[in-house]
Amino acid sequence: MGKPTIRSGGTQTRPKNKGKSARHEASTFLAALICLVLGGICLQSDITDVRDDKRLLAEGVQAQGVVIHTYEERHGTARYGSTETVASIIYSPSDGNEVKITHTVRNTSAEGLEDQEVTLFYNPADPSEAVVEEWRDEYDWMTVAAVLFLAGGAFTLVVGTRSYIRRRRKPAGKPL
């Protein structure tokens with residue numbers, strides 16, 4: 001209860017600051033909403049990448065390419081970041097023009113990749129859109145991030161809603 005005040009006629013108490021509780025509820029729901037939106041964005045992005053690669057593997061034109069260069073690409077901070085290998089590949093689509101693409105190396109060691117021949121599938125309408133068969137996108141860290149955001153948002157929403165409902169319930173009045 002609040003701090004007692006003296007008034008003529010007896011002792012009364014000040015009501016609690018209800019604005020503070022409302023701000024807390026609003027920030028809880030906002031945090032839940034942000035987590036759910038971020039989870040949805042991560043999941044949509046990951047699903048789109050995987051679908052694009054699967055579509056190219058199913059509908060694309062097969063070609064042989066050669067890895068001409070590899071390099072390490074760092075993401076994030078030195079302590080919490082990650083490093084991935086990127087390969088530059090050159091290939092000739094059916095029209096005869098050479099096309100150079102860069103592709104993230106997945107599920108393969110980067111050792112000895114230069115001058116190696118790789119099988120890839122490309123979009124005939126846009127030859128720069130290609131995927132190396134062995135390095136196609138799979139569900140990865142983005143899926144984990146999406147699941148964590150969605151689970152955290154759902155948990156926060158459920159906990160926030162339950163506490164909101166408990167606070168808003170009025171106790172049964174006592175009979176006179």
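Quick notes
- For Leu113, the conditions (1) open to solvent by less than 80 Å² (accessible area, probe 1.4 Å); (2) closer than 20 Å to Thr143 by Cβ all hold with the exception of (2).
- Matching residues in the stretch 38-90 - criterion: being crowded, with 17+ Cβ neighbours inside 10 Å, within 22 Å of Asp126 (Cβ to Cβ) and of a type in the set (Val, Ile, Thr): Val50, Val67, Ile89
- Count of the stretch 150-171 residues which are open to solvent by 100 Å² or more (accessible area, probe 1.4 Å) and at pLDDT below 85: 7
- Set Arg106, Arg79: member being farther than 30 Å from Gly153 by Cα and within 22 Å of the chain's Cα centre (by Cα): Arg106
Every residue, every condition in (1) at pLDDT below 80; (2) out of contact with any Ser or Thr (no Cβ under 8 Å at 6 or more places or on another chain), yes or no:
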site: Val37; (1), (2): no, yes
site: Gly40; (1), (2): no, yes
site: Arg51; (1), (2): no, yes
site: Arg55; (1), (2): no, yes
site: Ala78; (1), (2): yes, yes
site: Pro93; (1), (2): no, yes
site: Lys100; (1), (2): no, no
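The values are calculated or read from the model by the stated rules, or taken from the named source; none is laboratory data. Bear in mind that the values here come from a model prediction, so they are computed numbers and not experimental data. Positions of Cβ are generated from backbone atoms using ideal geometry, with glycine treated the same way; all protein chains shown enter the neighbour counts. For accessibility, only protein heavy atoms count, side chains too; no ligands or nucleic acids. Shrake-Rupley method; radii C 1.70, N 1.55, O 1.52, S 1.80 Å.
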